[in-house]
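Participant: So that we are looking at the same thing, I have put the structure below in structure tokens.
Quick note: the coordinates plus some simple rules give every number you see, no bench work behind them. Given the structure is predicted, the values throughout are model-derived calculations rather than measurements. Positions of Cβ are generated from backbone atoms using ideal geometry, with glycine treated the same way; all protein chains shown enter the neighbour counts.
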Amino acid sequence: MPGRILTDRERKRLEQFPAQVAPSDLATYFTLSSAQLNLVCQHRGDRNRLGFALQLLTLRYLGFCPDRLTTVPADVVAYVAGQLNTTPEALVHYGKRAQTRTDHFQKVQAYPGFRPAKLKELRALTGWLLERALEHDKPMYWEAE
């Protein structure tokens, strides 16, 4: 029988923002660099700048972007909005068009150089992961749900 590393509760916790973001994390992960600010300012309108910035910074903080930016804690939204000289309420109007969110996220992924893995890279990763798993006394195999 396949084993599970995380419980459903643990998995759910990792798929969303924590209830509170520590002030040190706020400064570390949600402060826009001048290069990021230039990229954000290429977008028209407060709502698009705020939404794009939140996607960019959330990817850095969580490692992914939630489908709904309304799940971003209010203090994070306020902190980022303050850097953009806008109000947090601008987020309410962001991404009414799904294509806008998608287009922005593709730019967000491209910014740090993310790209889809090629088959050769996936095979190499699979081999590397298998080697790491077999280094342990009690290797465990499970299938994705």
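Participant: Out of 82, 95, 51, any idea which swings most in a Gaussian network model of the chain, alpha carbons joined below 10 Å?
Facilitator: 82
Participant: Using a Gaussian network model of the chain with C-alpha springs under 10 Å, which one of 100, 126, 31 is most mobile by mean-square fluctuation?
Facilitator: So, out of 100, 126, 31, the one fluctuating most is 126.
Participant: Using the basic label-point model (7 angstrom from Cα toward the beta carbon), what is the residue 132 to residue 70 distance in nanometres?
Facilitator: Distance between the two pseudo-spin positions: 3.7 nm.
Participant: Using the alpha-carbon atoms, what tilt in degrees (0 to 90, nearest 10) does helix 119-134 show relative to the longest principal axis of the chain?
Facilitator: With rounding to tens, the tilt is 60 degrees.
Participant: For the chain, modelled as a Gaussian network with Cα springs under 10 Å, which listed residue fluctuates most, 81, 117, 35?
Facilitator: Judging by the Gaussian network model, the answer is 117.
Participant: Using +1 on the beta carbon of Lys and Arg, -1 on that of Asp and Glu, and nothing else charged, what's the dipole of the stretch 1-71 about the Cα centre, debye to 20?
Facilitator: Details: 10 positive and 6 negative charges, 26 e Å.
Its charge dipole is roughly 120 debye.
Participant: I need the GluC sites (Glu not before Pro) found in the stretch 50-143, filtered to DSSP loop residues with at most 13 other beta carbons within 10 Å of theirs. If you can, show how the numbers build up before the last one.
Facilitator: Numbers: sites: 89, 121, 131, 135, 143; in loops: 135, 143.
Loop-located and lightly packed - 135, 143.
Participant: Can you list which of the chymotrypsin sites (Phe, Trp or Tyr not before Pro) found in the stretch 77-117 are DSSP loop residues with at most 16 other C-beta atoms within 10 Å? Provide the component values of the computation, followed by the final result.
Facilitator: Numbers: sites: 79, 94, 105, 114; in loops: 94, 114.
Filter output for the stretch 77-117: 114.
Participant: Could I ask something else about it? Given 31, 111, 77, which one lies farthest toward the positive end of the charge dipole of the chain, if we put +1 on the Cβ of every Lys and Arg and -1 on the Cβ of every Asp and Glu?
Facilitator: Positive-end residue among those listed: 111.
Participant: If you wrap the chain's Cα atoms in a convex hull and average its projection over all directions, what's the area in nm²?
Facilitator: Working: hull surface 45.4 nm².
Mean projected area for the chain: 11.4 nm², to one decimal.
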